[in-house]
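The values are calculated or read from the model by the stated rules, or taken from the named source; none is laboratory data. These numbers come from a predicted model, not from an experiment. Cβ placement follows ideal geometry from the backbone for every residue including glycine, while neighbour counts extend to all protein chains displayed. Protein only, heavy atoms only, side chains kept; ligands, DNA and RNA dropped before computing areas. Shrake-Rupley method; radii C 1.70, N 1.55, O 1.52, S 1.80 Å.
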Amino acid sequence: AQRVDVLVRAPQSGTRTLRTLPFNQGGTKFAAADLATVNVAGPAAAKLAAPGLHAKLPTFPARRGPKRRWTFSFSSAGAVINGRPFDPNRIDVRPRLGTTEGWVLRNESTDWHPIHVHQDDFRVVRINGKRVNVRSDRDVVPLPPEHNGVPGRVDIDMPFQDYSGDFVLHCHILTHAENDTGMFGMVTALIIK
């Protein structure tokens, strides 16, 4: 579910196959699979310069908002956040534009959850307590499963800069967000007056 830009420089002529690795998502196991096959032939094209791979990241608002905790789990109600199924009429948080909040994403299940936040990209700060050295803006982060009774955890800096209004965060696995009643949370970003 992560969106990634990939620049591939084709090797010598021939056929190349892009494959996935096998992955145990928790409740589902995925085998290795072919994603694409590319046939490289003909004269070489003009060499392209790599795009700005080391571009400076945008600045997030310096004003800090509150720290928030989002816990992803399964209950008798199904796939839930903070123990509650999604209710489109309930606002779960009301952050202020012009702030950056520290969000703690916790996973109390044995499944991986690719967590997607609409509207504003965020930065991953820590995964399971370990500082992330590669800094990039993201809109999806894989939330690790609990291990030996310890919830998986991802800490992110979540900026609220340009968009005021309603949006959601949710697990990108369709069966965890089935019928829009599962792992969805509602956010309403408010303008500071």
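Among the residues making up segment 144-162, those that are open to solvent by 50 Å² or more (accessible area, probe 1.4 Å) and in a strand (DSSP E or B) are HIS147, VAL150, ARG153.
Looking only at residues in segment 109-132 that are free of Cβ contacts under 8 Å to residues at least 40 places away in the same chain and under 30 Å from SER76 (Cβ atoms), the one that is surrounded by the most Cβ atoms within 10 Å (Cβ to Cβ) is ILE127. When restricted to residues that are of a type outside the set (A, V, I, L, M, F, W, C), over 16 Å from THR71 (Cβ atoms) and touching a residue at least 60 places away in the same chain (Cβ under 8 Å), segment 133-161 contains 9. Figure legend. Inter-residue proximity from segment 64-87: first residues on the phi < 0 side of the Ramachandran plot, second residues small (Gly, Ala, Ser) and assigned to a strand (DSSP E or B), beta-carbon distance below 7 Å, spacing 6+ or different chains. Indicated pairs: LYS67/GLY102; TRP70/GLY185; VAL80/SER73; ILE81/GLY185; PRO85/GLY78. When the residues of segment 84-99 are filtered to those that are touching a Gly at 6+ places or on another chain (Cβ under 8 Å) and part of a loop (DSSP other than H, G, I, E, B), the one that is least open to solvent (accessible area, probe 1.4 Å) is PRO95. Looking at the structure I just gave you, is GLY102 open to solvent by less than 60 Å² (accessible area, probe 1.4 Å) and assigned to a loop (DSSP other than H, G, I, E, B)? The answer is no for GLY102.
Does segment 165-180 include one or more residues that are open to solvent by 70 Å² or more (accessible area, probe 1.4 Å) and part of a loop (DSSP other than H, G, I, E, B)? No.
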